[in-house]
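Everything below concerns the one structure shown next.
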Amino acid sequence: MSRTRGKACEAREVAVALPDGVRTIAQVAEEFGVTHRTIRFYEDRGLIAPQRRGTQRLFHPRDRVRLDLVLRGKRLGFDLEQIRRIVDMYDQQVGERGQMEYLLAQLAARRADLEQRRHDIDRTLAELDAVERRCRDSEVGRTLSAPTSQEGVDPAVPGD
């Protein structure tokens, strides 16, 4: 889409009055800090289903809640199928035991994965610290950190 056409579409969107709480894709993209393409991707995957008016997508509060859940799931590291199940729970009757059990199991699994990653990162950092200490404590390491006889001499000044 050309830049001029994009501006024309935005102008049309602004010119058409929308019901309270309804937003265009541009407004939703700005609200959530994502691209139009990201929103269309989640729509193509069936995670959100905005109302269509011609070629315009209209996002009701329910759609924005679902998008918020999708984006939160991605930040937490869930894959799209896990996100779909969690987001679909939003449409089901609140408090169903199966929903809560599934969600709690997914959260526990994700927490365990993140805890393991944190442990692995801490262990790797400790190993890096040990190698760095050994390097600095070695003869070569001491030589590298000792001032050279050329320090303090300006190479641009002849005879220095």
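The values are calculated or read from the model by the stated rules, or taken from the named source; none is laboratory data. What you see is a predicted model, and the numbers here were worked out from it, not measured in a lab. Note: ideal-geometry Cβ built from the backbone for every residue, glycine included; neighbour counts use all protein chains shown.
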Check: List pairs: first in segment 40-62 and over 17 Å from residue 88 (Cβ atoms), second among the acidic types (Asp, Glu) and surrounded by 15 or more Cβ atoms within 10 Å (Cβ to Cβ), Cβ under 9 Å, 6+ apart or cross-chain?
Finding: 51/63; 56/13; 57/43; 57/63
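From 71, 58, grab the single residue that is in a strand (DSSP E or B), surrounded by 14 or more Cβ atoms within 10 Å (Cβ to Cβ), among the hydrophobic types (A, V, I, L, M, F, W, C) and modelled with pLDDT of 90 or more. Walk me through it before giving the result.
Details: 71 fails: in a strand (DSSP E or B).
From the options 71, 58, the qualifying one is 58.
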Check: Which members of segment 41-55 meet the condition of being surrounded by 14 or more Cβ atoms within 10 Å (Cβ to Cβ) and over 27 Å from residue 105 (Cβ atoms)?
Finding: 43, 50
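Select from segment 15-41 the residues that are at positive phi and either at pLDDT below 95 or assigned to a strand (DSSP E or B) (or both) and list them in ascending order. Let's see the steps before the verdict.
Step one: of segment 15-41, the residues at positive phi are 21, 33.
Correct list: 21 only.
Looking at segment 30-75 only, could you name the residues that are acidic (Asp, Glu) and more than 26 Å from residue 113 (Cα to Cα)?
So in segment 30-75, the residues acidic (Asp, Glu) come out as 30-31, 43-44, 63, 68.
30, 31, 43, 44, 63, listed by residue number.
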